[in-house]
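**Student:** Once you've had a glance at the structure underneath, I'll fire off some questions.
The values are calculated or read from the model by the stated rules, or taken from the named source; none is laboratory data. Treat the numbers as computed from the prediction; the structure is a model and nothing was measured. Cβ atoms come from the backbone with ideal geometry, glycine included; neighbour counts cover every protein chain shown. The area values use the complete protein model at the heavy-atom level, side chains included, leaving out ligands, DNA and RNA. Shrake-Rupley method; radii C 1.70, N 1.55, O 1.52, S 1.80 Å.
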Amino acid sequence: MISRPLRQTFTLLAAAALTVTTVSACGSADAVEASSAGNELAGAKFVIGSKDFTENIVLGNIAVQLLKAHGAEVVDKTNLGGTVPNRKALESGEIDLYWEYSGTGWIEHLKNTTPIQDSAKQFKATAEADLQKNKIHWIGPTPLNNTYALAIRSEKAKELGVKTLSDVAELARTKPQEVTVCIETEFSTRDDGLSGLSKTYGMTIPKDRVSLLDTGVVYTETDKGQTCNFGEVFTTDGRIAALGLTVLEDDKKFFPIYNAAVTLRQETYDKYPALEKVLQPVIAKLDDATMQRLNARIDVDGEEPAKVSADWLGKEGFLGADKT
């Protein structure tokens, strides 16, 4: 069903905010004190990577700072590149861990074609298969699900009475002129994009009502409501809340699930089992709303990822004390 350079699209999100693409990964560990939260990982050394879009850079910095706070020596290689460079670096031993997404693991790394539409089952299947086939261990998952969605400006949602994608499909039949859509070019060609969405929900959207735009422009044009009423978004993007957009419920559960988790080689996990204890409490706190706020501080407010992650860890008490 799905062929994708998974999560490559998110590099465009980072490109939309110049502060993200130019940010240096160096120094993120400087924001915390060594062993401030414990010594469970004393004597351990980890090289930590991340992908090159906002959310994954933040998650990478969280790992860097958290492991240092628990006594580990860390080498920061966040903002390493896309999915493929990070996975290859992990498998080769160039890095020791990075954050991956369950849907990406299932489809990209494990080469399955059909996603599992239950979050827990998708993660379990991905983690078990990756461990068995590739000796990659998954620690997680987070509650956050960074997947596709359609959004609309909130006042227009109320006017049209739409809350779900089934509502949009009904609107396409009864008031087709209202169903105008802004999407990325990639979303127009992918099986998990507009064609599959239209098929699943039984709706027809004429080509002259579909506008192909860059990622950042999709958000702003959806907010303006002139080019389109509906826009393709990512559910943990901070611009959703900043622009007051309403995300429509995927009531037929068409879109794949992308829960984040820490991935590492099994040999690393076996050597440092305390990683599970250190990471899981943080993982449990990373839900959609939290990630939206952290992403917004970067994409909307222009802050540095290292500062954003350290602030959040400190306020949640994960650094041993409030560092803000």
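**Student:** Can you pull out the residues in segment 98-116 that are closer than 17 Å to F255 by Cβ and under 17 Å from the mean Cα position of the chain (by Cα)?
**Tutor:** If the condition is that a residue be closer than 17 Å to F255 by Cβ and under 17 Å from the mean Cα position of the chain (by Cα), then Y101, S102, G103, T104, G105, W106, I107, E108, P115 are the ones that fit.
**Student:** Do any residues in segment 55-80 that are touching a residue at least 24 places away in the same chain (Cβ under 8 Å) and open to solvent by less than 10 Å² (accessible area, probe 1.4 Å) have Cβ atoms under 8 Å from those of residues that are among the polar types (S, T, N, Q) and part of a loop (DSSP other than H, G, I, E, B), where the two are at least six apart or on different chains, and which pairs are they?
**Tutor:** What qualifies is E55/N146; E55/T236; A69/S35; A69/S36.
**Student:** Counting only residues that are in a loop (DSSP other than H, G, I, E, B) and among the polar types (S, T, N, Q), how many does segment 271-324 have?
**Tutor:** Of the residues in that region, 1 qualify.
**Student:** Conditions: (1) of a type in the set (A, V, I, L, M, F, W, C); (2) more than 17 Å from the chain's Cα centre (by Cα); (3) at pLDDT 95 or above; (4) outside any loop (DSSP other than H, G, I, E, B). I62 meets all but one. Number of the miss?
**Tutor:** With respect to (1) of a type in the set (A, V, I, L, M, F, W, C); (2) more than 17 Å from the chain's Cα centre (by Cα); (3) at pLDDT 95 or above; (4) outside any loop (DSSP other than H, G, I, E, B), I62 is out only on (2).
**Student:** I'd like the residue in segment 89-117 that is farther than 25 Å from V47 by Cβ and not in a helix (DSSP H, G or I) and, out of all such residues, is most open to solvent (accessible area, probe 1.4 Å).
**Tutor:** Top of the filtered list is K111.
**Student:** Across segment 252-282, what is the number of residues that are open to solvent by 50 Å² or more (accessible area, probe 1.4 Å), touching a helix residue (DSSP H, G or I) at 6+ places or on another chain (Cβ under 6 Å) and either over 19 Å from G103 (Cα atoms) or modelled with pLDDT of 95 or more (or both)?
**Tutor:** Total meeting the criteria: 0.
**Student:** From (1) surrounded by 24 or more Cβ atoms within 10 Å (Cβ to Cβ); (2) in a helix (DSSP H, G or I), pick out the condition that doesn't hold for T236.
**Tutor:** Exception for T236: condition (2).
**Student:** Just give me the residues in segment 175-188 being in a helix (DSSP H, G or I) and either over 23 Å from F234 (Cβ atoms) or in contact with a helix residue (DSSP H, G or I) (Cβ under 8 Å, 6 or more places away or on another chain) (or both), in sequence order. Before you say what the answer is, go through the steps one by one.
**Tutor:** Applying the first criterion (in a helix (DSSP H, G or I)) to segment 175-188 yields 176-178, 185-188.
Within segment 175-188, P176, Q177, E178, E186, F187, S188 meet the criteria.
**Student:** Among the residues of segment 141-174, write down those that are free of Cβ contacts under 8 Å to residues at least 12 places away in the same chain and in a loop (DSSP other than H, G, I, E, B).
**Tutor:** G161
**Student:** Now a separate question. Tally time: how many residues in segment 121-150 are more than 17 Å from the chain's Cα centre (by Cα) and within 27 Å of S195 (Cβ to Cβ)?
**Tutor:** Of the residues in segment 121-150, the ones more than 17 Å from the chain's Cα centre (by Cα) are 121, 124-125, 127-137.
Still in the list and also within 27 Å of S195 (Cβ to Cβ): 121, 125.
Final tally of qualifying residues: 2.
**Student:** Listed residues T268, T263, T246; which is hydroxyl-bearing (S, T, Y) and more than 18 Å from L131 (Cα to Cα)?
**Tutor:** Numbers: T268 fails: more than 18 Å from L131 (Cα to Cα); T263 fails: more than 18 Å from L131 (Cα to Cα).
Result: T246 is the single residue among T268, T263, T246 that is hydroxyl-bearing (S, T, Y) and more than 18 Å from L131 (Cα to Cα).
**Student:** Just to be sure I understand the filter: pairs with C-beta atoms under 9 Å, separated by 6 or more residues or on different chains, first member in segment 85-96 and β-branched (V, I, T) and at pLDDT 95 or above, second member in a helix (DSSP H, G or I) and buried (at least 23 other Cβ atoms within 10 Å of the Cβ). Which pairs pass?
**Tutor:** What qualifies is I95/N86.
**Student:** So, G244, is that one under 19 Å from T147 (Cβ atoms) and either touching a helix residue (DSSP H, G or I) at 6+ places or on another chain (Cβ under 6 Å) or open to solvent by 10 Å² or more (accessible area, probe 1.4 Å) (or both) or not?
**Tutor:** The answer is no for G244.
**Student:** Still on this structure: Identify, from the list A125, A120, A129, the residue that is part of a helix (DSSP H, G or I), closer than 16 Å to P256 by Cβ and open to solvent by 40 Å² or more (accessible area, probe 1.4 Å).
**Tutor:** Residue meeting the stated conditions: A120.
**Student:** Quick check on my filter: what residues within segment 177-219 are modelled with pLDDT of 95 or more, polar (S, T, N, Q) and open to solvent by 50 Å² or more (accessible area, probe 1.4 Å)?
**Tutor:** Q177
**Student:** Just the residues that are over 19 Å from the mean Cα position of the chain (by Cα) and among the small types (G, A, S), please, taken from segment 151-168.
**Tutor:** Hits for segment 151-168 are S154, A157, G161, S166.
**Student:** Turning to a different aspect of this structure: Among the residues of segment 65-76, write down those that are part of a strand (DSSP E or B) and under 13 Å from W99 (Cβ atoms). Step through it out loud before you land on a result.
**Tutor:** Of all residues in segment 65-76, those part of a strand (DSSP E or B) come to 73-76.
Correct list: empty.
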